[in-house]
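A quick write-up on the structure given underneath.
The values are calculated or read from the model by the stated rules, or taken from the named source; none is laboratory data. From a predicted model like this one, the values you see are computed outputs, not experimental measurements. Because the Cβ atoms are built from the backbone with ideal geometry, glycine has one as well, and the counts that use them run over all protein chains shown. Note: accessible area is taken over every heavy atom of the protein model, side chains too, but ligands, DNA and RNA are not part of it. Shrake-Rupley method; radii C 1.70, N 1.55, O 1.52, S 1.80 Å.
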Amino acid sequence: MTMTHDWPGERAILLVHGIGDAGPDDYTDLVDAVEKALGARAQEFAIYELYYNFINNWFKDKTALATQLQQARMLFSSGVNDPELSETIAEYAGDVLWPVLSRSARAAVREAYLLQLKQIVRDGISAGIDPASQKITIIAHSLGCFYTYEVLHTAATRPSHTLQPYTDGVRFDNVILMAPPIQLIRRVGETLGAVIPNRNELAACAEGGLQLPGQLRKGKMTLSARNWVSMTGELDPVGGYFFHRRASWAYTDIAGQVSIVDPQSLLAGITSKADLVNVLRSSLSEKKKPVLTIDNPHSWLGYVTRHEQELLQWLTA
Amino acid sequence: MAHRLIHLLIVVALVQPATAAAQEAVTLRDIVAAMEEARTRSKLAREIDAELVAHLDVLRTSGMLDHTAPALAEATRIPRMSAIARTASGTVPQKVVVALYEVKGLRNNEVRDALEAATSVEEARRVLAPVTAFQSAQLDLSIEDSERVLRMYERKFGPASARLNGIEVLLNYTIQRLPGFGPNAASEPGPLEVIASYSPTYVTYAGGEPRMVSLSEFGLRHYFFGDRWGGSGLGGVIRPAYMTLGLAVASEDDGALRWPWRGEARLGGFVSWGQVKVAYVAGDNQRLMVSRQFQIVPWAF
């Protein structure tokens, strides 16, 4: 499921999803939002989407995780038979379980991601742009940020993948992580200890803490990304915030990153008591039900929409 | 306006995409010449220039000047997941591999920057195109390699692979740290899987009639990752995706859904070639049996 594109210019974007089943149609709204942010300049970009959930599905189906959950749920919840719900829970639970508990799942997803990066660079060369001149941006969300971190560390330190920042000139213009759980996974790794097999294989669990990926050559570090951005929201637990408070054990803080924390409220458009009072008053006067919409603090679309200006600035620099 | 258009057309013609044909046309001699031209047309810092000269000298005396870009990429391949520039076979001296990778690095950084500053982006791209062609050939090999490894993972874990029951999931989770079971240093999947299953669908012929026999199986599954293995049809029968081997335990009586450990258990062994299984248990009621690999109840047996 590797994408290949003709490049209209010198620029490309790779979108990397998080938890959940992402098929060819699932990126549509996000691509639309990114193109809207770029405006007239969107036509300069080749936009790629990373599909790796098919690998998670291999492991889910081979181990019959959905069936296991269904049987466990029936055992513990008065025999309620809901295979569809179990399938959904298995889908989401598996996405988090496999990279943590299965060395093979980790390696397979990493390989699929590396393959897509190689194809992007190859497409750029086919368009007449040498790798050092290619302007590639990665925008990742949620668990996709974890995979991005892992893959870029591998790419930077393994010459066989021909994606090293100095030797191969593959330096990403931007790596933009939205709600990254990297520190959260590191902390889970420390807590679970030996339960996680070969933890030292994970860059997120490396001794020395989290570091920006790069290639060290003759004492000089060439970073994999020129601009590394980590953004989260005050209500997004995946990004390390719980009810407006930062949890240092869960918040991804890498030296050298550009850090952004979005103020968030659970109710859309309501950030104060006065806002709420106004909504209730107008609903009373119009004799209608108040319209109160819950904002999903973890929504990828939300992050992209809130940062249209910055995305345009970063991606077209 | 026309003058600018003609200039643009000339630049476009000179900056050729790295197609397969373009790769084949480029040799190490061209790469060395390109870097030499870049060196003479730009102002490199003295230590960078000295470094480049030294590496180019190594490449000139490598005996590989007529190697095309794809052949050069193949000959200087570094083992998967290796952190250092050294070929697996050692047929190409390490100093040549290092020189080639260092020249590539200089092309993508100091030399490119200096040449662009001295000329233009388009001219730098044109001059350094042979190195880009070599890099493109390396990428093609690396892409093929990633696809190969993903096919291996699909063979072992994909939709056509053997399903695991709950006990097997736990055993294989525990044992994945051992060589052969989890990924190796090159991040390729290990070929082995632990089997601990109950199979109630073996068939034998005894006492003048066909009978079902239930077995417990304990052993190993070995996946075959070769390209010619694991297909469908007759080819898939002759060269299947996997084989299994191990200890078989049956109860003293024949029959389906019998607890194998009941009474005086009969011991023996089983082997499978793909999905076709054959087992033998010894004892007073010795039996030779056949079956097929599949799960009747997911996650159970």
**Request:** Any chance you could count how many residues in the range B:28-73 are assigned to a helix (DSSP H, G or I) and either basic (Lys, Arg) or in contact with a Gly (Cβ under 7 Å, 6 or more places away or on another chain) (or both)?
**Result:** 5
**Request:** Give the residues of the range B:89-108 that are surrounded by fewer than 20 Cβ atoms within 10 Å (Cβ to Cβ) and hydrophobic (A, V, I, L, M, F, W, C), sorted by residue number.
**Result:** B:Val92, B:Val98
**Message:** Can you find a residue that is among the hydrophobic types (A, V, I, L, M, F, W, C) and assigned to a loop (DSSP other than H, G, I, E, B) anywhere in the range B:197-209?
**Reply:** no
**Asked** Has the range B:60-74 got at least one residue that is open to solvent by 30 Å² or more (accessible area, probe 1.4 Å), within 27 Å of the chain's Cα centre (by Cα), among the polar types (S, T, N, Q) and more than 14 Å from chain A (Cβ to nearest Cβ)?
**Response** yes
**Asked** Failed condition for A:Leu192, given (1) away from chain B (no Cβ under 14 Å); (2) more than 19 Å from A:Arg110 (Cα to Cα), with all others met?
**Response** (1)
**strands (runs of 3 or more DSSP E) within the range B:215-301 that include 1 or more residues among the aliphatic types (A, V, I, L, M) and touching a Pro at 6+ places or on another chain (Cβ under 6 Å)** = B:242-250
**Fill in**
Flagged in the range B:109-153 as more than 9 Å from every other protein chain (Cβ to nearest Cβ), open to solvent by 30 Å² or more (accessible area, probe 1.4 Å) and under 20 Å from the mean Cα position of the chain (by Cα), in numbering order, are B:Glu144, B:Arg148, B:Arg151
**Prompt:** Does the range B:247-267 contain any residue that is in contact with a helix residue (DSSP H, G or I) (Cβ under 9 Å, 6 or more places away or on another chain) and open to solvent by 30 Å² or more (accessible area, probe 1.4 Å)?
**Reply:** no
**Message:** I need the full set of residues from the range A:276-300 which are among the charged types (D, E, K, R) and part of a loop (DSSP other than H, G, I, E, B), in order please.
**Reply:** A:Glu286, A:Lys287, A:Lys288, A:Lys289, A:Asp295
**Prompt:** In this structure, does B:Glu144 turn out to be of a type in the set (Asp, Glu) and within 20 Å of A:Val100 (Cα to Cα)?
**Reply:** no
**Request:** For residues that are under 21 Å from B:Asp113 (Cα atoms) and at the interface with chain B (Cβ under 7 Å from one of its Cβ atoms), scanning just the range A:113-129, find the one that is most open to solvent (accessible area, probe 1.4 Å).
**Result:** A:Ala127
**Prompt:** Do we find a residue being at positive phi and within 9 Å of chain B (Cβ to nearest Cβ) anywhere in the range A:130-152?
**Reply:** no
**Prompt:** part of a loop (DSSP other than H, G, I, E, B), within 30 Å of B:Ala185 (Cβ to Cβ), modelled with pLDDT of 65 or more and not basic (Lys, Arg) - does that describe any residue in the range A:106-117?
**Reply:** no
**Request:** Taking A:Val304 as the residue in question, decide whether it is more than 19 Å from A:His141 (Cα to Cα), in a helix (DSSP H, G or I) and open to solvent by less than 60 Å² (accessible area, probe 1.4 Å).
**Result:** no
**Request:** Mind listing whichever residues of the range B:26-44 are in contact (Cβ under 8 Å) with a residue 60 or more places away in the chain and open to solvent by 50 Å² or more (accessible area, probe 1.4 Å)?
**Result:** B:Asp30, B:Ala33, B:Glu37, B:Arg39, B:Arg41, B:Lys43
**Request:** With a cut-off of at least 1 residues that are of a type in the set (Ser, Thr, Tyr) and buried (at least 22 other Cβ atoms within 10 Å of the Cβ), name the strands (runs of 3 or more DSSP E) lying wholly within the range A:131-241.
**Result:** A:135-141, A:225-233
**Prompt:** Within the range B:76-85, is even one residue closer than 23 Å to A:Ile125 by Cβ, more than 9 Å from chain A (Cβ to nearest Cβ), open to solvent by 30 Å² or more (accessible area, probe 1.4 Å) and touching a residue at least 60 places away in the same chain (Cβ under 8 Å)?
**Reply:** no
**Of all residues in the range B:157-180 being assigned to a loop (DSSP other than H, G, I, E, B) and more than 7 Å from chain A (Cβ to nearest Cβ), the one that is nearest to A:Ala64 (Cα to Cα)** = B:Asn165
**Item:** The one condition in (1) in contact (Cβ under 8 Å) with a residue 60 or more places away in the chain; (2) surrounded by 24 or more Cβ atoms within 10 Å (Cβ to Cβ); (3) more than 13 Å from chain B (Cβ to nearest Cβ); (4) in a helix (DSSP H, G or I) that A:Val96 fails to fulfil
**Value:** (2)
